Structure formats: structure tokens, C-alpha cells
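Asks: If you scroll down you'll find the structure; I have some questions about it.
The values are calculated or read from the model by the stated rules, or taken from the named source; none is laboratory data. A quick note: this is a predicted structure, and the numbers were derived from the prediction, not measured. Cβ placement follows ideal geometry from the backbone for every residue including glycine, while neighbour counts extend to all protein chains displayed.
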Amino acid sequence: MTPKIQKAAAVFAILLLGAILTPAPAAAGPATLTYANFPPAPTFPCVQMERWKTEVEKRTDGQVKINTFPGGTLLGAKDMMDGVIAGQADIGCLCMAYQPGRFIVTNATSLPLGIPDARTGSLVLWDLYDKYKPAAFAKVKVLTMFTTAPANIMSRTPVRTLADIRGLDLRASGGAAQILKAWGANQVGMPMSATPEALQKGVVQGVFSSLEVMKDLKFAEICKNVTRTDTVIYPFAVVMNMDRWNALPEAVKKVMTDLGREQAEWTGAYMDDHVREAVEWSKATHGVEFIDISPEEKGKWDARLDPITEAWIADHAGEYPAEAIVRDIRALTGAHAH
Ligand code: 3IO
């Protein structure tokens, strides 16, 4: 053997030994991720969380394991974004309405622009995020977004007219809160996770949100009246810590990225179905009365909302393409509604 070949053989032997002694990557086990959520497990943000977990674990062939924490056990409603940025949870689900000044672009979906249902709302929100990639999300990976179905008034006493709602203590947040104020209610802001106790204790006399909570949070036991306004949605985001995201294998990243839009649509469709079910359940189980506002009265309610969108454009035109954002939400709503 020439010295050159001897050297090559030695290098080969060392490489072979190294290959034998180095454990295969699989031996390190799956990446384990924590996923924080603020409301109780039976509510829709947690139902979509479990669905996402199941799909990701299935589609990544066991390369990742997701540990879910519903009910604010890892992060609370208003700590979600900063908690994920800081790494207190790897993934978190947040309602953007709880920090209205932080998520200007995506919260524009909760202007009174006529989004008819949660499936449409979720796709509109996802496309809007995708188009504008707002700086508010620069520090996280956005895994999905979705919205509730349009909000309605759930209350102890019946609300049929603007006179009935004037001064009534009703709970809402974000864009929905602006609408309650325009109708003359005494709007009280708090996350959904704090609302059951506030209703129970009489701190508020009702809630302005999507109707599936009549069943999921048992509001039908207290709120015997629902006034159909179908006015505005609440937007949500699911975000991941950037360092944890960057550390994931490419194949896992691809699974999660590909799931973003599908999860938005799944969650919206689940919400719409579940609202229908909760309405029937509330009537049958708790004798809840559903009030349709008369067309003449509805004209007055709608007229109160007319200035809201123009005022929002005027307020934000300096910093954002506010007019284009509103135009896009309207166009996307038309494109996705069916
Ligand atoms: C919501 C939030 C948590 C659990 C169930 C829910 N249904 C509708 C919402 C929207 C929302 O965040 C709110 O505060 O009304």
C-alpha cells in the first residue's frame, strides 16, 4: 500500500467508527412542544387546538409531540403573545380583540363589515394576514388564524330596542366593544375566560359574542334571551416561539405551514356547525328566547354603526394602508362567502 492509500484507509476507518458510535437522530426522541390556551377545554379555541395537535402528530409520523394546556394553566388570555415570545410556552392561542392597539391590521376584521359566518371570517383573516404580514407578528411564527361566528347579545333581560340596551352592563372586547358602545350599552371589557364569573356575580347582565358559548360555557343557564344582531366577529391567532420554530426539522415545518389555511377553514366550519347546535340546545334545554330585531328598529341599530369604519380609516391612515385594508376585507368576504 502506498502511503496515500494507507492514509485514505485510516480516514475511512475513523469515519466508519464515528458512524457506528454516533446515535441516529431518531434516538433523540420526538420534539416536545407546549401549547397554551386561555379558555376552558370544551370551548372552540381548545377544540381546534386538539384537532391541530392530532393532525400534526399524525402527519409528522411521531417526530413531534404536542402537550396542550387549556384553561389558562400555562398562560392567561392577555399574556399569550408575550409569553410565547419569551418562551414560557412554545405555542399559544390568543384572541386579538383583547389587545386591540397591538394588532391593528388583523383586528380590522372586527369592524362592522358584514362577515357572515366563521368559515368566511377565518379565510378572510388568513388571507389578510398573508397579504400584509403585519409587523405585530414579526417575532413569532404564525401557525393559523380563525374567527368566531358573528356576535349576538346574550342577556338576562330581553333586548328588543335601543332603549332596552341603553346603559345595560354588557361584556365585550375589541371591535365588538366599539359596537356595544355605539348602541349605548355600558360596555365592560374582559376576556371570555373571566366572563362566566362576572355573569354569575352580576357584574355584567349579558355577553356580546358568538352563540356557541351558550352551550360550551353554560351561559344559557343565566342568559334566557338572545338578540340576533349578527354583527361582528372576534379574530384569533395561533403563534409559535421563533427559536423553537427555527429548531424544528424542515419536514415538520412544512407540515405545520401547510396546515395553516386548512386549520383556519376547519375551525371556522366547526364554529358555524357548533353555533347551530348550541342554538337548538339552548331552546330545547333552557327555553331561551331568540329575538329578531324588527326591520324598522334594525335600521336604527345599523345607522349607529355607519361612522365606525370611516373613523377607523381616519385614525389609522397615517400608519397603515387603512383604506386598502378595509377594501380587501370587503372583497375577500365577497370571495369567500357562499
Ligand atoms: C371566545 C373566546 C373563548 C372561548 C370561547 C369563545 N367564543 C367566542 C369567543 C370570542 C372571544 O374571545 C370573546 O371574548 O368573546
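Asks: Assuming THR231 fulfils every condition listed in (1) modelled with pLDDT of 95 or more; (2) in a loop (DSSP other than H, G, I, E, B) apart from one, which condition is it?
Replies: If we test THR231 against (1) modelled with pLDDT of 95 or more; (2) in a loop (DSSP other than H, G, I, E, B), just (1) comes out false.
Asks: Tally up the residues in the range 142-189 that are touching a Phe, Trp or Tyr at 6+ places or on another chain (Cβ under 6 Å) and among the polar types (S, T, N, Q), please.
Replies: Number satisfying all stated conditions: 2.
Asks: Among (1) in contact (Cβ under 8 Å) with a residue 60 or more places away in the chain; (2) surrounded by fewer than 24 Cβ atoms within 10 Å (Cβ to Cβ); (3) over 29 Å from LYS218 (Cβ atoms), which single condition is PRO134 missing?
Replies: (1)
Asks: Right, another one. Would you please name the residue that is surrounded by the most Cβ atoms within 10 Å (Cβ to Cβ), looking only at residues in the range 198-216 that are within 12 Å of the ligand (Cβ to nearest atom) and assigned to a helix (DSSP H, G or I)?
Replies: Residue satisfying both the conditions and the ranking: MET214.
Asks: Just name the residue that is nearest to the ligand (Cβ to nearest atom) out of those in the range 182-192 that are within 24 Å of the chain's Cα centre (by Cα) and over 16 Å from VAL232 (Cβ atoms). Steps first, answer last, please.
Replies: From the range 182-192, those within 24 Å of the chain's Cα centre (by Cα) are 187-192; that's our starting set.
Those left that are additionally over 16 Å from VAL232 (Cβ atoms): 188, 190-191.
On the way: VAL188: 12, MET190: 8, PRO191: 6 Å.
Looking at the filtered set, the residue picked out is PRO191.
Asks: Select from the range 263-288 the residues that are surrounded by 15 or more Cβ atoms within 10 Å (Cβ to Cβ) and of a type in the set (Asp, Glu) and write down the one among them that is farthest from THR157 (Cα to Cα).
Replies: GLU265
Asks: What residue, among those in the range 28-46 that are within 21 Å of GLN63 (Cβ to Cβ) and surrounded by fewer than 19 Cβ atoms within 10 Å (Cβ to Cβ), is farthest from the ligand (Cβ to nearest atom)?
Replies: Looking at residues that are within 21 Å of GLN63 (Cβ to Cβ) and surrounded by fewer than 19 Cβ atoms within 10 Å (Cβ to Cβ), I get ALA28.
Asks: Counting only residues that are more than 25 Å from MET190 (Cα to Cα), give me the helices (runs of 4 or more DSSP H) lying completely in the range 50-153 with at least 3 of them.
Replies: Qualifying helices (runs of 4 or more DSSP H): 118-132.
Asks: Looking at THR148, THR144, THR195, THR157, which is the one that is under 22 Å from GLY287 (Cα atoms), within 16 Å of the ligand (Cβ to nearest atom) and of a type in the set (Ser, Thr, Tyr)? Write out each step before concluding.
Replies: Values: THR148 fails: under 22 Å from GLY287 (Cα atoms); THR144 fails: under 22 Å from GLY287 (Cα atoms); THR157 fails: within 16 Å of the ligand (Cβ to nearest atom).
Exactly one of THR148, THR144, THR195, THR157 is under 22 Å from GLY287 (Cα atoms), within 16 Å of the ligand (Cβ to nearest atom) and of a type in the set (Ser, Thr, Tyr), namely THR195.
Asks: When you look at PRO100, is it of a type outside the set (D, E, K, R), touching a Leu at 6+ places or on another chain (Cβ under 8 Å) and surrounded by fewer than 22 Cβ atoms within 10 Å (Cβ to Cβ), yes or no? I'd like the intermediate steps shown before the answer.
Replies: Details: of a type outside the set (D, E, K, R): yes; touching a Leu at 6+ places or on another chain (Cβ under 8 Å): no; surrounded by fewer than 22 Cβ atoms within 10 Å (Cβ to Cβ): yes.
Spelling it out, it is not the case that PRO100 is of a type outside the set (D, E, K, R), touching a Leu at 6+ places or on another chain (Cβ under 8 Å) and surrounded by fewer than 22 Cβ atoms within 10 Å (Cβ to Cβ).
Asks: Can you give me the number of residues within the range 234-258 that are touching a residue at least 12 places away in the same chain (Cβ under 8 Å), away from the ligand (no atom under 16 Å from the Cβ) and either closer than 23 Å to GLY175 by Cβ or not polar (S, T, N, Q) (or both)?
Replies: So the answer is 12.
Asks: Is it the case that VAL124 is over 17 Å from LEU217 (Cβ atoms) and either at pLDDT 95 or above or surrounded by 24 or more Cβ atoms within 10 Å (Cβ to Cβ) (or both)?
Replies: Details: over 17 Å from LEU217 (Cβ atoms): yes; either at pLDDT 95 or above or surrounded by 24 or more Cβ atoms within 10 Å (Cβ to Cβ) (or both): yes.
Considered against the rule, which asks whether it is over 17 Å from LEU217 (Cβ atoms) and either at pLDDT 95 or above or surrounded by 24 or more Cβ atoms within 10 Å (Cβ to Cβ) (or both), VAL124 comes out as yes.
Asks: Something else about it: All but one of (1) within 12 Å of the ligand (Cβ to nearest atom); (2) closer than 15 Å to LYS141 by Cβ hold for ARG261; which doesn't?
Replies: (1)
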